[in-house]
Structures are given as structure tokens and as C-alpha cells.
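> Take a look at this one; I'll ask things after.
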Amino acid sequence: MNLKMRIYHRYLGFFLAGIMAVYAISGIILIFRDTDAFKIEEQVEEVLPEKVPVEELGRRLRIRDLKVEKIEDNVAYFEGGTYDMNTLTVNYTKKELPTVLEKMEHLHKAKTGDPLFFLNIFFGLGLFFFVISSFWMFIPGTDIFKKGLYFTLAGLVLTLVMLLL
């Protein structure tokens, strides 16, 4: 049984190595999602097809928490841009992740309505298999197995402490 479990563990590890790298990178990127780290600035100029009330401008432009700072000479000023209510022209700076990083982040955050969620479930089950199968890597009762259990306990305690802080 130990030998078979080691073989399954090894080849599933090789199979999932690429997606583990993607999840590791996208997980790190997600930590910085509330900052501009990794984002590229793009200047946008857009003429709206119809007049948009200032209160709805953020929703129309898909800018979360847009707050108009002032309105002067029929021009609304907001952080990073302006909206000329006479010409219906909006100028603003948009900050987005590069396409590859955005796709990686999307994969990491896939929801049930997204076809990628099957991949997330498979990956989660694969990682859970790694957790279980790692206990078959060494013969129970040996010093290395006992040390492994201590490290497992330490990792579990650290995780619980971090969750409760």
C-alpha cells in the first residue's frame, strides 16, 4: 500500500505542478488586490452615448466607490478623472492587471457559474489527496514519521493561531 500511495502521490504531483505554480502566483497577486501593485495604468477617453447623472457615473464606468469631489463649469471631477456633462466626455485613469495575471486571478476566484470551477474542485481534491497520501510516504513508527507528525501538528497549530488572530 505504501508503494502504491507513493506512486500516486508522485505522478499526481507532476500532473498538478503547473496549476500549483499558477495558484501560488495568483494567490500572491490576490494579497495585493487592494493596492496598485502589478497593475498597469491606462488613460481612457470615452464619449458616453447619453447623459449620465453624476450619482450613476461610477456604476456606468464600472468604477467602484467613485466619489465626485467637485462640479465646476458643468465638469465633474473625481479621483483620477473628469466627466464633462456638456460633451458627455469622460477622461480617467484605469489601473488593471496585465491580461495574463488577470486570467490567473480569475482562475483562482472562479465561482459556480464559471466553467473553471470544476478545475478548482479537482485541484482542491488533488491537494487534499496530497495531505492524506503524505502520511503513507514513511513507515509508521519510524523516527522520520514521528517527526513528520510533530511538524504536521505545528503547522496545524500555526494555522489555527493565524485564523483566530
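> Condition check: in contact with a Phe, Trp or Tyr (Cβ under 6 Å, 6 or more places away or on another chain) and modelled with pLDDT under 95. Does Met104 satisfy that?
The answer is no for Met104.
> For Ala17, indicate whether it is small (Gly, Ala, Ser) and under 30 Å from Tyr83 (Cβ atoms).
No.
> Residues that are touching an Asp or Glu at 6+ places or on another chain (Cβ under 7 Å): which strands (runs of 3 or more DSSP E) entirely in region 1-93 hold 3 or more of them?
75-78
> Taking the condition of being part of a helix (DSSP H, G or I) and more than 22 Å from Arg10 (Cβ to Cβ), how many residues in region 136-165 meet it?
14
> In addition: Cβ-Cβ under 9 Å, sequence separation 6+ or interchain: first residue in region 120-135 and under 15 Å from Tyr11 (Cβ atoms), partner among the basic types (Lys, Arg). Which pairs?
Ser133/Arg6
> Of the conditions (1) exposed (fewer than 15 other Cβ atoms within 10 Å of the Cβ); (2) not in a loop (DSSP other than H, G, I, E, B), Asp114 fails just one. Which one is it?
(2)
> Are any residues in region 9-36 surrounded by fewer than 14 Cβ atoms within 10 Å (Cβ to Cβ) and β-branched (Val, Ile, Thr), and if so, which ones?
Within region 9-36, Ile28, Ile31, Thr35 meet the criteria.
> Of all residues in region 126-160, which are closer than 24 Å to Ile25 by Cβ and surrounded by 11 or more Cβ atoms within 10 Å (Cβ to Cβ)?
Across region 126-160, the qualifying residues are Gly126, Leu127, Phe129, Phe130, Ser134.
The values are calculated or read from the model by the stated rules, or taken from the named source; none is laboratory data. All values derive from a computational prediction rather than experimental measurement. A quick note on method: Cβ atoms are made from the backbone with ideal geometry, for glycine too, and the neighbour counts reach across all protein chains shown.
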